[in-house]
Each structure stands twice: as C-alpha cells, then as structure tokens.
Amino acid sequence: MGTKRGSSRVSVLFERLRKMPMKVKIFCGALLAVCALVALKFTFRSHYYYFIASEAIHVAGIIALVYKLFALKTCSGLSLKTQELTALFVAARLCCSTLTEANIHTVLDLISLSSTLVVIWMIRFKLKSSYIKELDNTKLYFVVVPAAIAAILVHPYTNHWRLVRIVWAFSLYLEAVSVVPQLRFMQNAKMVETFTGYYVFALGVSRFMALAYWIIQIYESGGTYLFLAGSGYFWFLAAFVAEMVQSFILADFCYYYMKSFVQGQLLRKMPV
C-alpha cells in the first residue's frame, strides 16, 4: 500500500492554496512578494548585489540544463529557440559590458553565454533526435524585431557610443521576452519536464531579484528614479516595464509549474 493521499505537508498546503478563491491567491502572492522585498532590502546593503544575485541564479538554471543534457541524454521539453534568444541577448550584453565596465557581471555573462552555447550545440547535434521541432513553433522575428525597434527608439543616454547604448537596450528588451518560445513549447506539449521546470523557475527567481532592485529604488526615490534627468527617452521607465513584463510572464509559469508539481505529487502518493 502506498502512502495516503495528502500526507505530505507541502502537498496539503498547495492543495489548500489551489482551492482558494482567485482574489485570495492574488492577495497571498502579493503579501509574499512584499515580505520578500522587505527581506531583500534589509539583507543587501548595496543595490549592486541585486543584479549579481539575478545573474548568478540565471547561470545556475542554465547549469541545471547542461546537467540534464549530459546525464539524461535527452533534450525533451526544451525549446531551442529560447536558448538561441538567450545566447543572443547575453552576447549583446557581454559585448556592451566588456566595452563599458568589465567587472563581475562580465564574468557571469561569459559563463552564461558559454553554458548556453553548449546547450544549443547539444540540442542541434548530439541530441537532435529527442528535440521536438513541431512544438517549438514560435517565429523568432516576432520576438527579435520588436525588441530591436524598441531599442532604437528608447535607449539610455550616456557618454558611450550610440550603437553600444542601442545594443544594451536591445539585450534588455530581448531578455524580457526570450522565455516566450519555451512557454509556448510547454503549452503545446501540455506538460512540464522536470529539469526544464527547474530552469524556468530559476529564471523566475532571477527576474524577481532584478525587479526587486527597481521597486526598491523607486520606493526610496519617491518615484523620481524612473525619470532621472539625462536617462534619455524615459529609458528607466522602459527598462522597468520590460522587467515587469518578464516577471509577470514567469510568475504565471511558476504558478502553473507548482500546481502541476503538486498534482503530480498527489498522483504518486495515491494507494496502489
């Protein structure tokens, strides 16, 4: 006989949350986010560390994918197009970082780009037979072209070359929507593969860290941070909106993933 259904405390908790009205779920999510923001504000003494933590968590998610590909010898559930978009925006950001301020961000971006290129190589060549191309049907130009147009129109105003500023903005806008092909893939497949779920969940945590930086800066400046003089074409506002878009997309996935996880746990614990 198996363990009785619902015996896991975590499963019971998420099952109760699942049955709550949507308004209660939204309130609980907002309360949890506020508590996390307060904790981060008192944990990180420098705003600089928010982006370091964000990029480090992103790297951890990609390393989880690399482990999956080498250990399990399959790329099922993984979108090649999201990995290609990731390589593109990280490469763009790496070029700008190298030309402007080579620091720990540059190192983390280099690790992230190298790991992503390994993932792309494995999917395209080593594990091509397990890649389901039919489910990965997002058109890349629907994502890349709008990001490029937005970067030309809205980019930061600094002392660096204009091309560098445009490429930097492009990397930020593209990052905000780079996960769309992966989410579309999972919607088509009607399933969430375990390591892919870990990867997208890590992206969600990563973007929350970046979004926390913006929210805390806006709070401490009374909202004036979004419209700092010299930022150029409301660049800070556009960057904040881009972070919000990606955070909401990933938050929706994280909720779906946790719900699927709980249902899977309950299924495995049913008496046999």
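The values are calculated or read from the model by the stated rules, or taken from the named source; none is laboratory data. Just so we're clear, the structure is a prediction, and the values are computed from it rather than from any experiment. Here Cβ is always computed from backbone atoms with ideal geometry, including for glycine, and neighbour counts include all displayed protein chains. Ligands, DNA and RNA are excluded from the accessible area calculation, which covers all protein heavy atoms including side chains. Shrake-Rupley method; radii C 1.70, N 1.55, O 1.52, S 1.80 Å.
Residue check: Leu183 meets all listed conditions (1) modelled with pLDDT of 85 or more; (2) part of a helix (DSSP H, G or I); (3) open to solvent by less than 40 Å² (accessible area, probe 1.4 Å) but one, namely (1). In region 186-196, the qualifying residues are those that are open to solvent by less than 40 Å² (accessible area, probe 1.4 Å) and either of a type in the set (A, V, I, L, M) or closer than 13 Å to Ala60 by Cα (or both), and the one that is farthest from the chain's Cα centre (by Cα) is Ala189. Against the condition in a helix (DSSP H, G or I), under 30 Å from Ile216 (Cβ atoms) and open to solvent by less than 20 Å² (accessible area, probe 1.4 Å), how does Thr98 come out, does it pass? Criteria not met by Thr98.
In region 124-142, the residues that are touching a residue at least 40 places away in the same chain (Cβ under 8 Å) reach residues that are open to solvent by 100 Å² or more (accessible area, probe 1.4 Å) with C-beta atoms within less than 6 angstrom, at least six apart or across chains, in these pairs: Thr138/Arg184. Checked against the criterion of being within 22 Å of Tyr50 (Cβ to Cβ) and β-branched (Val, Ile, Thr), region 82-97 has at least one qualifying residue.
Give region 43-75 a look and list any residue that's outside any loop (DSSP other than H, G, I, E, B) and more than 18 Å from the chain's Cα centre (by Cα), or say none. Passing the criteria: Thr43, Tyr48, Tyr67, Lys68, Leu69, Phe70, Ala71, Leu72. Scanning region 105-120 for residues that are within 17 Å of Trp168 (Cα to Cα) and open to solvent by 10 Å² or more (accessible area, probe 1.4 Å) turns up His105, Thr106, Val107, Leu108, Leu110, Leu113.
Comparison of Leu40, Leu78 shows that the only residue that is outside any helix (DSSP H, G or I), on the phi < 0 side of the Ramachandran plot, touching a residue at least 40 places away in the same chain (Cβ under 8 Å) and open to solvent by less than 30 Å² (accessible area, probe 1.4 Å) is Leu78.
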